[in-house]
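> Can you keep this structure in mind? I'll have questions shortly.
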Amino acid sequence: VKQACRLLETFHGVLDRNRDKMALALTSEDVRRIVAEGRMAIILALEGGFDMEGDLDVLRLFHRLGVRAMQFTNHDTTNAMTDAAPGEAKWNGISDHGRTVIGEMNRLGIVIDISHCSEATQQQIIASSRAPVVHSHCGLRRFCDMKSNPTDDALRALSEKGGLVGLN
């Protein structure tokens, strides 16, 4: 959390010095307006989770600071909300608290990134979220058998929900 706050402060300093070139986009309408003005539209995202305990006040603070997308897990570490792909299978997907966090992310308009989540977690987040989710950086399990890469079933579920995949 502390490092994420430092990085957000650094970003806001860069933004303050370059308002003629860029602007923080908080909505899709902001993106369209900023680009039409000839500036770069910045969408803030956090990789590596937002907090190991899934503290809703921390989530709301990051939203207030302009973050609009967040990875749900903490890379290789299972947290209070979800199982990481190579981490301990403590929840067999997402915990009850994880479902609460998903609901709050949906309410706030924060896009959920399922990168580094276990297969069960990916499927459960896609099913639980009222909004489309993103798998921002992955390979495809069919071609690279890594636990965090989505299976064909997960890709179909993501597509049916209107989600997005960023392939590496």
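The values are calculated or read from the model by the stated rules, or taken from the named source; none is laboratory data. Computed from a prediction, not measured in an experiment: that's the story for all the values here. Methodologically, a virtual Cβ is constructed for each residue, glycine included, from the backbone with ideal geometry; neighbour enumeration extends over all protein chains shown. Note: areas computed on protein heavy atoms with side chains; ligands, DNA, RNA excluded. Shrake-Rupley method; radii C 1.70, N 1.55, O 1.52, S 1.80 Å.
> Can you name the residue in the range 66-81 that is at pLDDT below 90 and outside any loop (DSSP other than H, G, I, E, B) and is also least open to solvent (accessible area, probe 1.4 Å) among such residues?
Asn74
> Would you tally the residues in the range 101-128 being closer than 27 Å to Ala25 by Cβ and of a type in the set (S, T, N, Q)?
4
> Kindly indicate whether Asp30 is acidic (Asp, Glu), open to solvent by less than 40 Å² (accessible area, probe 1.4 Å) and assigned to a helix (DSSP H, G or I).
Yes.
> A further question on this structure: On the basis of being in contact (Cβ under 8 Å) with a residue 40 or more places away in the chain and over 22 Å from Arg130 (Cα atoms), does Leu46 make the cut?
no
> Can I ask one more? Of the residues Ala45, Ala89, which single one is part of a loop (DSSP other than H, G, I, E, B) and open to solvent by 60 Å² or more (accessible area, probe 1.4 Å)?
Just a single option satisfies the conditions, and that option is Ala89.
> While we're looking at this one, here's another question. Looking only at residues in the range 118-168 that are touching a residue at least 40 places away in the same chain (Cβ under 8 Å) and more than 15 Å from the chain's Cα centre (by Cα), which one is surrounded by the fewest Cβ atoms within 10 Å (Cβ to Cβ)?
Going through the qualifying residues, I end up with Met146.
> Could you tell me whether Glu53 is free of Cβ contacts under 8 Å to residues at least 24 places away in the same chain, at negative phi and open to solvent by 60 Å² or more (accessible area, probe 1.4 Å)?
Considered against the rule, which asks whether it is free of Cβ contacts under 8 Å to residues at least 24 places away in the same chain, at negative phi and open to solvent by 60 Å² or more (accessible area, probe 1.4 Å), Glu53 comes out as no.
> Looking at Met146, is it under 19 Å from Phe62 (Cβ atoms) and not hydroxyl-bearing (Ser, Thr, Tyr)?
no
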